[in-house]
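J.: Supplied in structure tokens, the structure appears directly below.
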Amino acid sequence: MTVVALCSVKGSPGVTTLACLLGAVWPVGTPVVVAECDPAGGDVAARFGLQGRTGMASFALAARRAGEPLEVEPHLQYLPGGLEILVGARPMEAARAVDAETGGVDALLRLERDVIVDCGRIAPDASGQRLLLARADAVVIVARSDVSSLGHVETAAARLRQERSGALALALVTGHRHAPRSAGRGLPLDLAVTIPDDRAAAAIVRGEAGSRRRLARSPLVEASERLRRWISASTVATSSAARTARPFAARPVSGQSLPGQSLSGQPLSGQSLPGDPAAGWPEPASWAQPAGSGVPIEPSGTWP
Ligand SMILES: Nc1ncnc2c1ncn2[C@@H]1O[C@H](COP(=O)(O)OP(=O)(O)O)[C@@H](O)[C@H]1O
Ligand SMILES: [Mg+2]
């Protein structure tokens with residue numbers, strides 16, 4: 001399994017959006033779950049009308065009670081297209097309590113599937129987040145390209161380097177589709193990808209109506225694909241000193257009936273949406289229904 005942690009620094013939004021899209025462009029046939037571990041509280045349950053108690057909160061509670069191995073399935077819910085998600089607790093007090101249950105984080109790190117963790121903004125006093133950022137195979141900091149944001153990146157990268165040896169990179173929110181040559185220069189971490197300011201695509205990913213075709217062809221999805229490729233390459237290269245990670249290089253799916261229809265609508269070497277390869281991100285009308293799971297999802301939960 002491979003664990004990828006996405007986090008941000010002060011003043012730089014976009015982590016949850018990128019985590020969901022990264023999950024959506026993950027290699028087909030490779031089980032992946034997006035885990036919302038933002039100590040400031042998750043947003044996905046509210047955005048998609050999911051049950052707030054089924055997710056990281058119930059998973060962390062089960063980790064406290066259960067022996068090994070801990071099953072993740074009872075705690076999963078599904079985004080449109082079938083992407084599996086452990087929604088984060090909210091409000092902040094509940095999320096902080098879940099973060100402090102480090103047994104939950106520990107169980108997350110040992111799941112038999114790839115995990116994309118939405119860590120939210122770096123908070124040095126959040127013990128679960130700290131553990132995740134130390135032990136993930138790859139950490140990606142999402143940050144804007146203004147001087148003050150990059151200053152925060154430098155501080156965060158220096159701190160993270162003291163606690164981890166694995167891949168560490170920047171996803172730079174530039175407003176441009178492609179990186180200017182100078183982007184990220186001089187910073188003490190790799191520039192994995194530049195993230196465009198793409199409001200139309202971001203609105204769909206936060207649950208608003210919109211065209212699936214437009215999302216599929218959006219610069220934001222294109223950037224997510226580039227980030228996935230960077231993660232694939234860098235986790236293969238480092239082969240995780242801290243944990244025994246299984247690299248997840250993208251591969252063609254041979255001999256399967258999966259159509260290989262990617263989020264971008266092109267047949268891309270077996271890329272597709274996990275859980276519902278044929279559907280991609282469905283038309284807005286079907287977004288209310290979880291795809292392929294058969295797991296009932298209760299309407300918008302409240303917490304606690
Ligand atoms: N690349 C982007 N371009 C434009 N708007 C974005 C982008 N990424 C996120 N957003 C928007 O910014 C807001 C915060 O995004 P979100 O991903 O929830 O950030 P975070 O998880 O860091 O708080 C949302 O309204 C989202 O739709
Ligand atoms: Mg968020």
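J.: I'd like the per residue volume of the convex hull spanned by the Cα atoms of the range 1-157, given in cubic angstrom.
T.: So the per-residue Cα hull volume is 104 Å³.
J.: Sticking with this one: Per 5 Å bin, what percent of the C-alpha pairs of the range 71-149 does each bin hold, from zero upward?
T.: Cα pair-distance distribution for the range 71-149, in percent: 3, 12, 22, 24, 20, 12, 5, 2, 0.
J.: Would you please calculate the Kirkwood hydrodynamic radius of the range 20-60 over all C-alpha pairs and express it in Å, rounded to one decimal?
T.: Computed over the range 20-60, the radius equals 11.6 Å.
J.: Under the rule a/c < 1.5 gives rounded, and otherwise a/b versus b/c splits prolate from oblate, where does the range 92-220 land using the Cα gyration tensor?
T.: Oblate, because a/c is 1.5 or more while a/b does not exceed b/c.
J.: Given axes a ≥ b ≥ c from the Cα gyration tensor, I'd like to know whether the range 9-84 is rounded (a/c under 1.5), prolate (a/b larger than b/c) or oblate.
T.: Verdict is oblate for the range 9-84.
J.: Here's another thing I want to ask about it. Among residues other than Thr16 whose Cβ falls under 13 Å from its Cβ, what is the net charge (Lys/Arg +1, Asp/Glu -1)?
T.: Result for the local shell: 0.
Here, each number is a calculation from the coordinates, and none is a lab measurement. Since the structure is predicted, the reported quantities are computational estimates derived from the model, not experimental observations. Methodologically, a virtual Cβ is constructed for each residue, glycine included, from the backbone with ideal geometry; neighbour enumeration extends over all protein chains shown.
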